[in-house]
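The values are calculated or read from the model by the stated rules, or taken from the named source; none is laboratory data. The structure presented is a predicted model; accordingly, all values stated were derived computationally and were not measured. So basically every Cβ, Gly included, is an ideal-geometry build from the backbone, and we count neighbours across all protein chains shown. Remember, those area values only see protein heavy atoms, side chains included, never the ligands or the DNA or RNA. Shrake-Rupley method; radii C 1.70, N 1.55, O 1.52, S 1.80 Å.
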Amino acid sequence: MAEEVKLFGIRGSPFSHRIEIALKLKGVSYEYIEEDLQNKSPLLLKYNPVHKKIPVLLHNGKPIAESIVILEYIEETWKTNPILPADPYERAIARFWAKFLDDKCMLAAWNACWAKEKEREKAMEEASEGLKTLEGELKDKKFFGGDKVGMVDIVATFIAFWLTAVQEVVGADLLTPEKFPILFKWSEDLVGCPIIKENLPPRDLLTANFRARLESSK
Amino acid sequence: MESKEVKLLGFWVSPFSRRVEWALKVKGVGYEYIEEDIFNKSNLLLELNPVHKKVPVLVHDGKVIAESFILLEYVDETWKHHPLLPQDPHQRALARFWAKFCEEKVFETAWNALCSKGEEKQKALEQCKEAMEKMEEEVFKGKQILGSDGRSNLGYLDIAVGWISHWLPVFEEVGSMQILDPLQFPATAAWIDRFLNHPLIKDNLPPREKMLVYFHQRSQELSSTAQGWIKV
């Protein structure tokens, strides 16, 4: 019986991107279904009735939602090219950083870029603290996963690609080689990886999106 | 299992450190419990969890791990008997999904309702009840919970949402609000009863009277300040 894997996503979303990378890393064939958030499909509403969000993975008819939950599912289902270490302690550390990225870092970085004048300084400070912490964790490793891209790197692609695009549009200088040399180098290495590079949304799609947002916020 | 190998930093009234204790008890793992005063954090805590400066923190054989759900997974992977998570990847995904849902949509809103007033409180209450309706249907009538299919062992989901049994009623009383109407949530009510009477849970709950005093004080403090919430 052929395995049926479908992914409901949005082209510019870092969250559905994570899932695509994980599937591609493991050589899993899947059907990609582009969703329109302004006009959600009946299938999306059926498979994620609780949150009505992307990404949703459908495997042999069973839906899974929430990007990190999906990543763990993919890891447990397809064993090629593991994205988590084998050792329980190392796994716990990887999960810790994935959560830190999702709960604190990404939001702080996003907020700092879009903050109104008077909140900007504080938001930038908070975001910088997050990046500094990440830089400390990376130390002398090529990737958060070590020599190879792992779950933390996949989750952190937002920082490596999306953040740099937003920064450019809004004129924030959060992640620079001067401020965070290790993290900056990591972001270049990550985006340079064939499997990541080939599967990123076009940068001008993102910048166009962000420009539109910037205009409408004026 | 030598108790010195495992240390857990916790706070007596924190549902987050308590859930790790429940997991260790299920596994029969001996541990040294270190009580932290989260309002006067020890150097040890700040050294062990510099990123978040929070409990729970587990130290196992010198290895330091933080974040309660991550700790549940660590405990489950390290001590393999009496598994907490099911074997099947899809069931595991569901357990993780609902644990996250409960934390974000039930706990957060219940806490907000407790610490706010007027319209804000009403809104949080409504959101909490809406989330509890989903929990009732999908979790407490589901197959992974204590009592379902004759299950008598505590699992990941029981432990993850266990705070509902003992902390939520305290929030309700302190906040003069009702969320857990047993007529509206019969499966939840039945699970609460089983959970609270489970041998590993019964003697492992913070004393209700002390909790009432504590949360009364906390809600007063928090409703009078605009920011800076420690969620316990």
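Under 5 Å from the amide H of residue A:33 lie the amide H atoms of A:7, A:8, A:9, each residue being 5 or more positions distant or on a separate chain, with H modelled from the backbone and absent for Pro and chain starts. Max-minus-min Cα coordinates of the protein assembly as shown on each principal axis give 59, 58, 49 Å, with the largest extent listed first.
Normalising the Debye intensity of the range B:71-188 to I(0), with uniform scatterers on Cα atoms only, and taking log10 at q = 0.11 Å⁻¹ returns -0.39. In this simple spin-label approximation, residue B:117 and residue A:197 carry label points 7 Å from Cα along the Cα→Cβ vector, and these lie 6.0 nm apart. In the full protein context, the range A:5-77 carries 40 Å² of accessible surface per residue, based on a 1.4 Å probe and ignoring ligands, DNA and RNA. Computed over the range A:88-216, the convex hull of the alpha-carbon atoms projects to a mean area of 7.9 nm².
Taking one quarter of the surface of the C-alpha convex hull of chain B gives a mean projected area of 12.7 nm². Modelled this way, with points 7 Å down the Cα-to-C-beta line, the labels at residue A:188 and residue B:223 are 5.6 nm from one another. 3J(HN,Hα) along the range B:107-117: 4, 4, 6, 5, 5, 4, 4, 5, 9, 10, 9 Hz, from the Karplus curve 6.51 cos²θ - 1.76 cosθ + 1.60 with θ = phi - 60°, whole Hz, x for Gly and Pro.
Within 10 Å of each candidate Cβ there may be at most 15 other Cβ atoms; applying that plus a DSSP loop requirement, which GluC sites (Glu not before Pro) in the range A:1-66 survive?
Working: sites: A:3, A:4, A:20, A:31, A:34, A:35, A:66; in loops: A:3, A:4, A:35, A:66.
Loop-located and lightly packed - A:3, A:4.
For peptide B:54-65, the mean count of partner chain Cβ atoms within 10 Å of a residue's Cβ comes to 2.
Sorting check: for A:69-77, A:136-144, which peptide has the highest mean count of neighbouring beta carbons within 10 Å, and how do the rest follow? Mind showing how you got there, number by number?
Values: A:69-77: 21.6, A:136-144: 14.4.
Descending packing order for the listed peptides: A:69-77, A:136-144.
Give me the number: length gained by fully extending residue A:207 to residue A:39, i.e. 0.36 nm times residue separation minus the C-alpha to C-alpha distance, one decimal in nm. Intermediate values should be presented prior to the final figure.
Working: separation 168, 0.36 × 168 = 60.48 nm, distance 2.27 nm.
Roughly 58.2 nm would be gained on extension.
The trypsin sites (Lys or Arg not before Pro) of the range A:74-109 meeting both criteria, a DSSP state outside H, G, I, E and B (loop) and at most 12 other C-beta atoms within 10 angstrom of the site's C-beta, are A:79.
Legend: residues in the range A:22-71 shielded by at least 40 square angstrom of accessible surface upon adding the remaining protein chains to the isolated chain (1.4 Å probe, heavy atoms) are A:50, A:51, A:62, A:66, A:69.
State, in square angstrom and to the nearest 100, the accessible area buried between chains A and B, both chains counted, probe radius 1.4 Å. Spell out each step's value before the answer.
On the way: alone 11660 and 11430 Å², together 20870 Å².
Protein heavy atoms only, the A-B interface buries about 2200 Å².
The mean count of C-beta atoms from other chains within 10 Å of the C-beta of residues in B:86-93, rounded to a whole number, is 5.
Based on Cα coordinates alone, diagonalise the gyration tensor for chain A, multiply each eigenvalue by 5, take square roots, and list the semi-axes in whole Å, largest first. Spell out each step's value before the answer.
Details: eigenvalues 157, 104, 44 Å².
Rounded to whole Å, the semi-axes are 28, 23, 15.
Checking every one of the chymotrypsin sites (Phe, Trp or Tyr not before Pro) in the range B:4-108 against DSSP loop status and a limit of 11 other Cβ atoms within 10 Å picks out B:39. Can you run phi through the Karplus equation (6.51, -1.76, 1.60; θ = phi - 60°) for the range B:64-74 and list ³J(HN,Hα) in whole Hz, with x for Gly and Pro? Couplings: 10, 9, 10, 5, 4, 5, 5, 5, 4, 5, 4 Hz. The distance separating the Cα centre of the range B:121-161 from that of the range A:27-44 comes to 29 Å. Compute the Cα gyration tensor for the range A:3-122, then decide on rounded, prolate or oblate, letting a ≥ b ≥ c be the square roots of its eigenvalues: rounded whenever a/c is under 1.5, prolate when a/b is larger than b/c in the other cases, and oblate in all that remain. Oblate, because a/c is 1.5 or more while a/b does not exceed b/c.
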